[in-house]
Amino acid sequence: MSRHSEASAGNPYTSRRKAYYTLAVLTAVYSFNFIDRQLLAILQESVKAELALSDSQLGLLTGFAFAAFYVTAGIPIARWADRGNRRDIIALSLFIWSFMTALSGFVQNYLQLLLARIGVGIGEAGGSPPSTAMISDIFPPHRRAGAIGFYSIGVNVGILFGFLAGGWLNEFFGWRVAFLVVGIPGILLTVLVRMTVAEPTRGGSENRQASQVAVPFREVLRVLWSRRSFRHLALAAGLNAFCGYSAANWMASFMIRTHGMGTGELGTWLALILGVGGAIGVFGGGLLADHLGLRDRRWYVWLPVITSLFSIPFIVGIYMAPDPYLALCFAIVPGILGNAYLGNTIATTHALVGVRMRAMASAILFLILNIIGLGLGPWIIGVTSDLLEPDLGAGSLRYAMLYILPVVMFWSVCHFYLAAKTLRRDLAAAPD
């Protein structure tokens, strides 16, 4: 029997219905990943008041401290995923981060909350790399960016429910109850993942058989780093994420301090803008790239150039607007277009490596993306706000975001453009 025949014979995803069911479940898991991650953003003004925290401490909670453990744990977990059962790894990780989120409702000081958030970060490290690797083994290359784009709407669904549920639960019951109510359903979802999702055959979507030997981290890193397009792509994604995470983590605080909005109404607005709008953008970006990519694969990175560049004037408008509702209207365009790069970036990274490298390639991409985006973004905004506070008072956060985010977004555009220059050559050199 040929290697192609062997790969297809044991593939549990010959049924399109089963493929889309698993995609939906993995997207639900990713949603809980971001509900638990994003919840603190809408609660942090209440947490700050009760625990007497500074903006720098808040930025560390939502940014660097979380990201440092998230990306550090991501590499060994991804190596495990490239050798072991990815479905079981996802279920275990989901349980850990959901439990630590629920535990956050019981903390009594900053150190306890910091440790709980670190626990959430370690758990969430086992979510995306094995999930995206599974999706690439379920869906063929010409449908992959759309499938990963659909999976990536979990970011926005998570933001939607994080802001919506967190905002209203905080207003009526307090921030501790919000952590409990959001954490418990994720524990229940663990059972559904473990009992109903099948582990796909590696290479099954391309009808080829993967090597039985896992590729070492150094080899995956060498392959990726040798591709000039990946170096620019990863940096561009990290800078784009810097803007996205900074806005997602500080937008609520900015609107509360500058415009005096309540968490319930504000959470509803942000749920619609960043949740619904962002889901449209990330899924639409993946589908459009798959369509345009049939003509030229460089559209996978040209599209983020266009969407990111178009967003910049609206980012400026958010922080210059004198009225809260005008600011929120300006936020609609970046809210829709801000994550259009994500599915394209992951799919392109998978196309640059071999079948047994995909989970590790995802982990390396997320390591770069999250160190720059999640680690540095919210923290740098918080530190800058504290530095500006003596002169600008309550307006310090507004100007920290105004001075930094448009510049970083333009920097991201430059690297997406440079990634396109060598992409076709690098894709042609991808290993099996």
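The values are calculated or read from the model by the stated rules, or taken from the named source; none is laboratory data. In this text, all values refer to a predicted model and were calculated from it rather than measured experimentally. Note that each Cβ is placed from the backbone with ideal geometry, even for glycine, and that neighbours are counted across all protein chains shown.
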List the residue pairs whose Cβ atoms are under 6 Å apart, where the first residue sits in the stretch 10-34 and is more than 22 Å from Phe161 (Cβ to Cβ), the second is part of a helix (DSSP H, G or I), and the two are 6 or more positions apart or on different chains.
Asn11/Gly204; Tyr13/Ala19; Tyr13/Ile138; Ala19/Ile138
Please go through the stretch 217-263 and give me each residue that is more than 20 Å from the chain's Cα centre (by Cα), assigned to a helix (DSSP H, G or I) and within 30 Å of Ser54 (Cβ to Cβ), ordered by number.
Ser253, Phe254, Met255, Ile256, Arg257, Thr258, His259, Thr263
Which one of these is in contact (Cβ under 8 Å) with a residue 40 or more places away in the chain, among the hydrophobic types (A, V, I, L, M, F, W, C) and within 20 Å of Tyr403 (Cβ to Cβ): Ala351, Ala331, Ala271?
Ala331
Which members of the stretch 283-301 meet the condition of being in contact (Cβ under 8 Å) with a residue 40 or more places away in the chain, under 20 Å from His232 (Cα atoms), assigned to a helix (DSSP H, G or I) and not hydroxyl-bearing (Ser, Thr, Tyr)?
Gly285, Gly286, Ala289, Gly293, Val301
Evaluate the stretch 371-392: report whether one residue or more is surrounded by fewer than 17 Cβ atoms within 10 Å (Cβ to Cβ) and either among the small types (Gly, Ala, Ser) or under 20 Å from the mean Cα position of the chain (by Cα) (or both).
no
Looking at (1) over 30 Å from Ser396 (Cα atoms); (2) among the β-branched types (Val, Ile, Thr); (3) at pLDDT 85 or above, which is the one condition that is false for Ile256?
(1)
Restricting attention to the stretch 245-262, report how many residues are surrounded by fewer than 24 Cβ atoms within 10 Å (Cβ to Cβ) and not hydrophobic (A, V, I, L, M, F, W, C).
6
Thr101: of a type in the set (Ser, Thr, Tyr) and under 27 Å from Glu45 (Cβ atoms), yes or no?
yes
For the stretch 139-152, state whether one or more residues are buried (at least 18 other Cβ atoms within 10 Å of the Cβ), basic (Lys, Arg) and either over 22 Å from Tyr245 (Cα atoms) or modelled with pLDDT under 85 (or both).
yes
